[in-house]
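This report refers to the structure that appears directly beneath it.
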Amino acid sequence: MIDAETLSEGLAKALARAGMEAPDGLRRLTGGATMESWRFSSGAEDFVLRRAPSLEFMADRPFGHATEAAVIRAARAAGVTAPEVVVELAPEDGIGSGFVMRALPGTPNPKDIFAMEDPAGLLRQVARDLARIHSLRPADLPEDVPVMDYREAIADLRAQFIEAGGDRPIIALGLKWMEDNCPEACEPVLNHGDYRMGNILAQDSQLTGVLDWELAHFGDPHEDLAFGCMAVWRFGRYDRPALGLGSLEDYFAAYEAESGRRVDRERFRYWLAHRTVWWAMGCLRCAKVWRDGSDRMLERVVISRRTSEQELDLLMLLEEDAPEAERRASADPDIEAPAPTGEATSGEIALAVSEWLATLKDKVEGHDRFQLAVARNALGMIARDDAIVPMLEDADLAQEILGGGVGLDEPGLLAELKTAALEKLAADVPKYPALEAAWAKWVGED
């Protein structure tokens, strides 16, 4: 890990190439699940350094920061609310891989954005942004921006699933459904790849920026449209299916008006399921990179447990294809645990440490404050695990599903998976908004 002094010295070298003053007030921003973000001043203006945690971290990525910067510049030229890239890091700077952007106004905080006066207007601006992104074609950008092969993408997710144990029946259902329902390829357009709440900036109901272009690729525009509508990225606004800002009907209408392209509802549903499986595997992969030492951030192990969010969301998507009798079958979750007696349990110890960490909240700031919240979430998972010990792993069943021997028409399977998904998510992330909706739908009681 590079210390702040070394980072500042290397950044000064990069800024000098752009005729800029040395950085002042360098501080790390909160969040950043993959890349680091550092804010600083140069002269009278504010800038943000986007940087990889290590060069090894970039080894398996489809393209480097130079190409990402080129994508951002092309999108900005097309009228997208993309930031202005001012300089890329070079090897002689000695601080790894990344680039510097001019800071944009606005907040990325979904809670603050949802509280703005005109969410419907903001949704129209999002649709406009996506339409402009999708106006870019392969000839407009560097050759190493990948073009997605849908079938190859499914096969890659299947391989990741097997490598991760191949023991999650709901993910297996998703993979098999994707194989059976994969749409024909369409003319590829540029996809941002991560266009969602958390990666957009807004101020006074105005869209001011879209960040994190590292997953850009060419493919189906419906993929971008669907990704931000996943329940996990609506941050509590489960009642607003379009990015937590409004209805799908308004979202689609605005996009169609801006792009001149019709939204295919079935393709949208396919990509909603595809990216849900993709993010489930991304969560599982976080545990892998922590275990192998590639990235020992605390956030990695906590994100890995968010797989249960995607399992529940995926099951809610896929159950539409089950026979009516199976859909009507209720779940029967059991999350009650006997009151502990005797010495403290592991869960109680975890809870005690979490409560002590809460007393430090006002004594830390910036990224440390964020990590403190992550640590408390992790301890909460341990405490709930100790009481519930849910199980949603069954390698034999998962492999049978992948092979097509068992599906949603299997009597009792859907109800069994509903029950397991509810119990597991209640332990991992009990405040996840979809849990309440699924409980009402599958159990029929609060």
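Here are some notes:
Residue by residue, here is whether (1) in contact (Cβ under 8 Å) with a residue 40 or more places away in the chain; (2) loosely packed, with under 15 Cβ neighbours inside 10 Å; (3) in a helix (DSSP H, G or I); (4) among the aromatic types (Phe, Trp, Tyr) holds:
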position: Leu7; (1), (2), (3), (4): yes, no, yes, no
position: Met20; (1), (2), (3), (4): yes, no, no, no
position: Phe40; (1), (2), (3), (4): no, no, no, yes
position: Pro53; (1), (2), (3), (4): yes, no, no, no
position: Val71; (1), (2), (3), (4): yes, no, yes, no
position: Gly79; (1), (2), (3), (4): yes, yes, no, no
position: Val100; (1), (2), (3), (4): yes, no, no, no
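Residues are listed down the side, and each one gets a yes or a no for (1) over 23 Å from Asp204 (Cα atoms); (2) more than 21 Å from the chain's Cα centre (by Cα):
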site: His65; (1), (2): yes, no
site: Glu68; (1), (2): yes, no
site: Arg76; (1), (2): no, yes
site: Ala90; (1), (2): yes, yes
site: Gly96; (1), (2): yes, yes
site: Phe99; (1), (2): yes, yes
site: Pro108; (1), (2): no, no
site: Asp112; (1), (2): no, no
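Conditions (1) aromatic (Phe, Trp, Tyr); (2) without any contact (Cβ under 8 Å) to a residue 12 or more places away in the chain; (3) exposed (fewer than 15 other Cβ atoms within 10 Å of the Cβ); (4) assigned to a loop (DSSP other than H, G, I, E, B), marked per residue:
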site	(1), (2), (3), (4)
Met116	no, no, no, yes
Leu122	no, no, no, no
Asp156	no, yes, yes, no
Leu173	no, no, no, no
Glu184	no, yes, yes, yes
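- Qualifying residue in the stretch 285-300 (condition: in contact with a Gly (Cβ under 8 Å, 6 or more places away or on another chain), within 24 Å of Pro433 (Cβ to Cβ) and open to solvent by less than 70 Å² (accessible area, probe 1.4 Å)): no
- Residues that are over 24 Å from Leu372 (Cβ atoms) and without any contact (Cβ under 8 Å) to a residue 60 or more places away in the chain within the stretch 326-347 comprise Arg328, Glu336, Ala337, Pro338, Ala339, Pro340, Thr341, Gly342, Glu343, listed in sequence order.
- Being under 20 Å from Leu215 (Cα atoms) and modelled with pLDDT under 95 is a condition met by at least one residue of the stretch 83-96.
- Of residues in the stretch 231-258 being of a type in the set (A, V, I, L, M, F, W, C) and closer than 18 Å to Ala131 by Cβ, the one most open to solvent (accessible area, probe 1.4 Å): Ala257
- For Thr67, the stated conditions do not hold, so it cannot be described as open to solvent by 50 Å² or more (accessible area, probe 1.4 Å) and of a type in the set (Ser, Thr, Tyr).
- Taking the listed residues Asp129, Asp149, Asp60, Asp112, the one that is charged (D, E, K, R), more than 20 Å from Met20 (Cβ to Cβ), out of contact with any Cys (no Cβ under 6 Å at 6 or more places or on another chain) and open to solvent by less than 60 Å² (accessible area, probe 1.4 Å) is Asp129, with no other qualifying.
The values are calculated or read from the model by the stated rules, or taken from the named source; none is laboratory data. Since the structure is predicted, the reported quantities are computational estimates derived from the model, not experimental observations. For neighbour counting, all protein chains shown are included, and Cβ atoms are generated from backbone atoms with ideal geometry for every residue, glycine included. Please note that ligands, DNA and RNA were not included when accessible areas were found on the heavy atoms of the full protein model with its side chains. Shrake-Rupley method; radii C 1.70, N 1.55, O 1.52, S 1.80 Å.
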